[in-house]
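S.K.: First the structure, which I've put down as structure tokens, then a few questions once you've had a look.
Every read-out reported here was derived from the displayed coordinates using simple, explicitly stated rules and does not represent laboratory data. Computed from a predicted model, the values in this text were never measured in an experiment. All Cβ positions, glycine included, derive from the backbone under ideal geometry; neighbour counts span all protein chains shown.
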Amino acid sequence: MAQDENGGHELTPASSSAVDVHRTGDPGTAVIIRDAVENPGFPPHRPRVTDLDPRKERRAERTVYTLFYLSIAGSVWAVAAYMAFPINDSDPGSVRLNNLFIGLGIALALLAIGIGAVHWGKALMHEKEGVDLRHSVRGSEQTTARAAEIFRQADEESGFNRRVLIRNSLIGALIAFPLPGVILFRGLAPQGVDPAELLSQTMWAKGVRLTRDPSGTPIKASDVTLGSAFHVIPEGLNDAPDMLEQKAKAAVLLMRLKPEDLHVSKGRENWNYDGIVAYSKICTHVGCPVALYEQQTHHLLCPCHQSQFDITHEAQVIFGPAKRPLPQLPITVDADGYLVARSDFHEPVGPSFWERH
Ligand code: FES
């Protein structure tokens, strides 16, 4: 054991046979490993066939730029396949064809770039081995100049500027490769309509009956007893071609409270029917279904991040990350006593978005 001269603490090396503990001018210790593995150095340099035979070098060059051009062809193929094999909602086979041909194009584009770059590096770029010793991160002027020199040298050795066909075909391949992604993402957005407008409208309109989810059975006002809650969809939703998209906007919760418990603001006096109120089920935080109703407190709870809405106060947020109340659906009854909407919602449902006023 060694004695610390400064503090008098004992210093214990991990293993006296494997390491030595040396005192230095600085506080602390330096551990020197006795049986460190010898650096074996580099294996002897063996020139490649492309270093020895100019014809093989030219062949390798042709292979590399052909691969980059193949990559461009793959990207163009993917874009063409997107247009030539559109997805038809009523034909599951069209999804398979669409995925297959777009996938083949993207795979070819990516593989060809990758293989071309590796082949360029292995067969044509300068293969001189070098050792970079670790040094401090801060760079001096000499370091900067040396870095610029290294870049120049790399350019010279890789032939990036000299081999114009390879360079240009690589740039072309890298530019073409993201195109299928751009086209695919654009395809996710609704076509021919303003997305903001689409989010602002639901299937609810004047006279549309409120029906049970999922059966679509109309609901009479007399069915809604005090304290009960119904999951509601608009009549005809189950027959809509874009049923899921419409349901994601139009789902509603229906509850009955004592009319005297409701605090109704000006302009909303006729939005409830004898204490029956309907609110959007889509949370205004990030759009989860608000599915839990506390009968005693008249609170609606969103299970995703625990936002709570007070139904007695027009679904104001009383807890959680949601920033605005659940939109209310104005309702009344028709001549047969069934609950119907007075109109669509007066504001967009769900999470706030950039078009919101
Ligand atoms: S989605 Fe409802 S609280 Fe987050």
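S.K.: Hey, any idea what the orientation-averaged projected area of the convex hull of segment 198-341's Cα atoms comes to, in nm²?
M.R.: Average of the hull's projected areas for segment 198-341 equals 8.3 nm².
S.K.: Quick one: which residues, 5+ away or cross-chain, put their amide H under 5 Å from the amide H of Phe319? H built at 1.01 Å from N.
M.R.: Gln308
S.K.: In whole Hz, what ³J(HN,Hα) sequence does segment 231-237 give by Karplus (6.51, -1.76, 1.60; θ = phi - 60°), x for Gly and Pro?
M.R.: Once rounded to whole Hz, the list reads 8, 10, 10, x, 4, x, 4.
S.K.: What number comes out for the charge environment of Leu170, summing +1 per Lys or Arg and -1 per Asp or Glu over other residues with Cβ under 13 Å away?
M.R.: So the surrounding residues net to +1.
S.K.: Here is a further query. Can you give me the long-range amide H partners of Ile331? Hydrogens built in the peptide plane at 1.01 Å from N, cutoff under 5 Å, separation of 5 or more residues or another chain.
M.R.: Those lying under 5 Å, H to H, from Ile331 are Asn272, Arg342.
S.K.: Continuing with this model, one more query. Within the chain, what's the longest stretch lacking trypsin sites (Lys or Arg not before Pro) that sit in DSSP loops with no more than 13 other Cβ atoms inside 10 Å?
M.R.: Details: sites that count: Arg34, Lys128, Arg134, Arg138, Arg162, Lys206, Lys266, Lys323, Arg356.
Here the longest run is 35-127.
S.K.: Once the Cα atoms of helix 141-158 and of the chain are each reduced to a long axis, what angle between those two axes, in degrees from 0 to 90 to the nearest 10, is obtained?
M.R.: The helix 141-158 is inclined about 90 degrees to the chain.
S.K.: Charges only on Cβ, +1 for Lys and Arg, -1 for Asp and Glu: so what's the dipole of segment 179-236 about the Cα centre, in debye to the nearest 20?
M.R.: The calculation lands at about 100 debye.
S.K.: Here's another thing I want to ask about it. As I understand it, the dipole of the chain uses +1 on the Cβ of Lys and Arg and -1 on the Cβ of Asp and Glu, about the Cα centre. Which of Ser94, Val290, Phe185 lies farthest toward its positive end?
M.R.: Ser94
S.K.: Looking at Ile115, Val64, Thr312, which one has the Cα that reaches farthest to the positive end of the dipole of the chain (charges on Cβ: Lys, Arg +1; Asp, Glu -1)?
M.R.: Val64
S.K.: Shifting gears a bit: For the charge dipole of segment 198-341, defined by +1 on Lys and Arg C-beta atoms and -1 on Asp and Glu C-beta atoms about the Cα centroid, which residue among Pro321, Leu253, Leu226 has the Cα displaced farthest towards the positive pole?
M.R.: Looking along the dipole axis, the top candidate is Pro321.
S.K.: Moving on to the next point. Can you tell me which of Gly139, Gly93, Gly320 moves the most in a GNM of the chain? Springs connect C-alpha atoms under 10 Å apart.
M.R.: Its mean-square fluctuation being the largest, the pick is Gly139.
S.K.: Contact order normalised by length for the chain, with contacts defined as Cα pairs under 8 Å and 6 or more residues apart; what percent is it? Spell out each step's value before the answer.
M.R.: On the way: 547 pairs, mean separation 42.5, N = 357.
Relative contact order for the chain comes out at 12 percent.
S.K.: Helix 54-84: angle to the longest alpha-carbon principal axis of the chain, degrees 0 to 90, nearest 10?
M.R.: 0
S.K.: State to the nearest 20 debye the size of the charge dipole of the chain about its Cα centre, where the only charges are +1 on K and R beta carbons and -1 on D and E beta carbons.
M.R.: Numbers: 35 positive and 41 negative charges, 241 e Å.
So the dipole magnitude of the chain works out to roughly 1160 debye.
S.K.: Please state, as a whole number in µm²/s, the translational diffusion coefficient that the Stokes-Einstein equation yields for the chain at 20 °C and 1.002 mPa s, with Rh defined as the Kirkwood radius across alpha carbon pairs. Intermediate results must be reported in sequence, preceding the final value.
M.R.: Details: Rh = 28.2 Å.
After rounding, the answer is 76 µm²/s.
S.K.: Once you've got the Cα coordinates, tell me which of Lys206/Lys323; Lys56/Lys122; Lys220/Lys323; Lys249/Lys323; Lys258/Lys323; Lys247/Lys323 are over 21 Å apart. Working shown, then result.
M.R.: Numbers: Lys206/Lys323 28 Å; Lys56/Lys122 13 Å; Lys220/Lys323 33 Å; Lys249/Lys323 18 Å; Lys258/Lys323 27 Å; Lys247/Lys323 23 Å.
Violating the 21 Å limit, Cα to Cα: Lys206/Lys323; Lys220/Lys323; Lys258/Lys323; Lys247/Lys323.
S.K.: Distance between the C-alpha centers of segment 178-251 and segment 102-148? Whole Å please.
M.R.: 52
S.K.: For Ile276, list long-range residues whose amide hydrogen, built 1.01 Å from N in the peptide plane, is under 5 Å from its own amide hydrogen.
M.R.: Hits under the 5 Å cutoff: Leu257.
S.K.: 222 nm [θ] for the chain, helices only, -39500 (n - 2.57) per DSSP H run of 4+, per residue, to 500?
M.R.: -11000 deg cm²/dmol
S.K.: Taking θ = phi - 60°, what integer Hz values does the Karplus form 6.51 cos²θ - 1.76 cosθ + 1.60 yield along segment 243-251, in sequence order, with x for Gly and Pro?
M.R.: 3, 5, 4, 5, 5, 4, 9, 9, 4
S.K.: Quick one: dipole size for segment 246-353, taken about the Cα centre, charges +1 on Lys/Arg Cβ and -1 on Asp/Glu Cβ, in debye to the nearest 20.
M.R.: 380
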